[in-house]
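Accompanying notes for the structure given below.
The values are calculated or read from the model by the stated rules, or taken from the named source; none is laboratory data. Predicted, not measured: the structure shown is a model, and the values here were computed from it. Positions of Cβ are backbone-derived with ideal geometry, glycine not excepted, and every protein chain shown enters the neighbour counts.
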Amino acid sequence: MPARALPPPYAADAIRWAARRLDRAGLAYGHGTDNPLDEAAALVFHAARWPHAAAPAAYRWVLPRAARLALARLVARRIATREPSAYLTGVTWFAGLEMHVDKRVLVPRSPIAELIETRFRPFIDPARVRRILDIGTGSGCIAIACARAFPAAEVDAADLSPEALAVAAANIRRHRLGRRVKPRLSNVYAGLGARRYDIIVSNPPYVPDADVRRLPAEYRHEPALGLAAGRDGLDAVRVILEGACERLEPRGILVVEVGDSQAAVERAWPELPLLWLEFERGGGGVFLLRRE
Ligand SMILES: C[S@@+](CC[C@H](N)C(=O)[O-])C[C@H]1O[C@@H](n2cnc3c(N)ncnc32)[C@H](O)[C@@H]1O
């Protein structure tokens, strides 16, 4: 590494240094961060092995030389390979909770986090929520955040990918939720027995196969199973919708993220009274449907 490529010693300067490089490289964001400055900060704290809780005081700290070298390597790798930063650092945050992530799972970023933080109010009475199902749990982020939001509830964290479930299991252990959150190997409902739920929540794959190929390079580092969902992007959503009624308790709710496939969903099920949710922190394409 040439000497001139070494980042400046003060953390705040190093963050700006890294952000300038990321910005100039024309990267795509949206994997837990949505701008080069936040992504640079994540890389600086990872390189220095500082806890994120040390911010903002840590912005005035000096980075040891080894950390500056590590940062230069991380920035170079992020630019050369287009891997999302969360895969380089191995962590991200969802609903304020730290999650381990690697290439076995999608990087958590669902706007459903906001809904969980408000305990799905006003759509359900939180006091009566006993069972929750998260379909396509990936890292386990939604299931874990739900378990935290509903301390009396049991949560099934279902996924078709054993690799993803291994990551979910590690995150469940990390958050000490092993008694209430169960990883379930299941093709949508197929592996779940006859259980019924008060809330079924899902961020399934919903990108049409042809569109996956056109996504920025960052997305090609994520598991295809987490993104691609057939010709119209609705393969998983279709199975979720068709089985929801018999899986939901009376007055139960179904919440599903479908992102840019919102229009396709509206065309496919014009008769369904889908409620499209709005989020203060941005994002959309999430519908809610009551069992009734
Ligand atoms: C968009 S990712 C969402 C991961 C996580 N819930 C999140 O929000 O970050 C979709 C997940 O669904 C899983 N999946 C895909 N098809 C599935 C199916 N038929 N049944 C269950 N899970 C499925 C994938 O393995 C992937 O982990």
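Tabulated results
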read-out: Qualifying residue in segment 162-174 (condition: surrounded by 18 or more Cβ atoms within 10 Å (Cβ to Cβ) and outside any helix (DSSP H, G or I)); value: no
read-out: Extreme residue, nearest to the ligand (Cβ to nearest atom), among residues of segment 57-114 that are part of a helix (DSSP H, G or I) and under 18 Å from the mean Cα position of the chain (by Cα); value: I112
read-out: Verdict on I124 being among the β-branched types (V, I, T), more than 13 Å from the ligand (Cβ to nearest atom) and more than 30 Å from A48 (Cα to Cα); value: yes
read-out: Residue count for segment 94-134, restricted to those that are touching a Cys at 6+ places or on another chain (Cβ under 6 Å) and among the hydroxyl-bearing types (S, T, Y); value: 0
read-out: Any chance H31 is assigned by TED's automatic domain parsing to the domain that holds P162, within 23 Å of A164 (Cα to Cα) and in contact (Cβ under 8 Å) with a residue 40 or more places away in the chain; value: no
read-out: Residue tally, condition farther than 18 Å from L248 by Cβ, of a type in the set (A, V, I, L, M) and more than 11 Å from the ligand (Cβ to nearest atom), over segment 127-153; value: 3
read-out: Criterion violated by A228 - all others in (1) within 11 Å of the ligand (Cβ to nearest atom); (2) free of Cβ contacts under 8 Å to residues at least 12 places away in the same chain satisfied; value: (2)
read-out: Subset of segment 194-213 that is among the hydrophobic types (A, V, I, L, M, F, W, C) and without any contact (Cβ under 8 Å) to a residue 60 or more places away in the chain - its residue that is farthest from I253 (Cα to Cα); value: A210
read-out: Condition met for V167 (in contact (Cβ under 8 Å) with a residue 60 or more places away in the chain and within 13 Å of the ligand (Cβ to nearest atom)); value: yes
read-out: Every residue from segment 86-127 that is at positive phi and surrounded by fewer than 19 Cβ atoms within 10 Å (Cβ to Cβ); value: G90, G96, R119
read-out: Boolean, R290 is within 11 Å of the ligand (Cβ to nearest atom) and over 16 Å from the mean Cα position of the chain (by Cα); value: no
read-out: Tally of residues being out of contact with any helix residue (DSSP H, G or I) (no Cβ under 6 Å at 6 or more places or on another chain), at pLDDT 95 or above and either assigned by TED's automatic domain parsing to the domain that holds G283 or surrounded by 12 or more Cβ atoms within 10 Å (Cβ to Cβ) (or both) across segment 46-66; value: 2
read-out: Subset of segment 128-141 [surrounded by fewer than 23 Cβ atoms within 10 Å (Cβ to Cβ) and either in contact with a Pro (Cβ under 7 Å, 6 or more places away or on another chain) or assigned to a helix (DSSP H, G or I) (or both)]; value: R128
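Conditions (1) within 19 Å of the chain's Cα centre (by Cα); (2) outside the structural domain of I135 (by TED's automatic domain parsing); (3) farther than 19 Å from R104 by Cβ; (4) of a type in the set (A, V, I, L, M), marked per residue:
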{"position": "A153", "(1), (2), (3), (4)": "no, no, yes, yes"}
{"position": "L160", "(1), (2), (3), (4)": "yes, no, no, yes"}
{"position": "A168", "(1), (2), (3), (4)": "yes, no, no, yes"}
{"position": "N171", "(1), (2), (3), (4)": "yes, no, no, no"}
{"position": "R195", "(1), (2), (3), (4)": "no, no, yes, no"}
{"position": "I200", "(1), (2), (3), (4)": "yes, no, yes, yes"}
{"position": "G230", "(1), (2), (3), (4)": "no, no, yes, no"}
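A quick yes/no check of all residues on (1) modelled with pLDDT of 95 or more; (2) part of a loop (DSSP other than H, G, I, E, B); (3) surrounded by fewer than 22 Cβ atoms within 10 Å (Cβ to Cβ):
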| residue | (1), (2), (3) |
| --- | --- |
| G233 | yes, yes, no |
| A236 | yes, no, no |
| G243 | yes, no, yes |
| G252 | yes, no, no |
| V255 | yes, no, no |
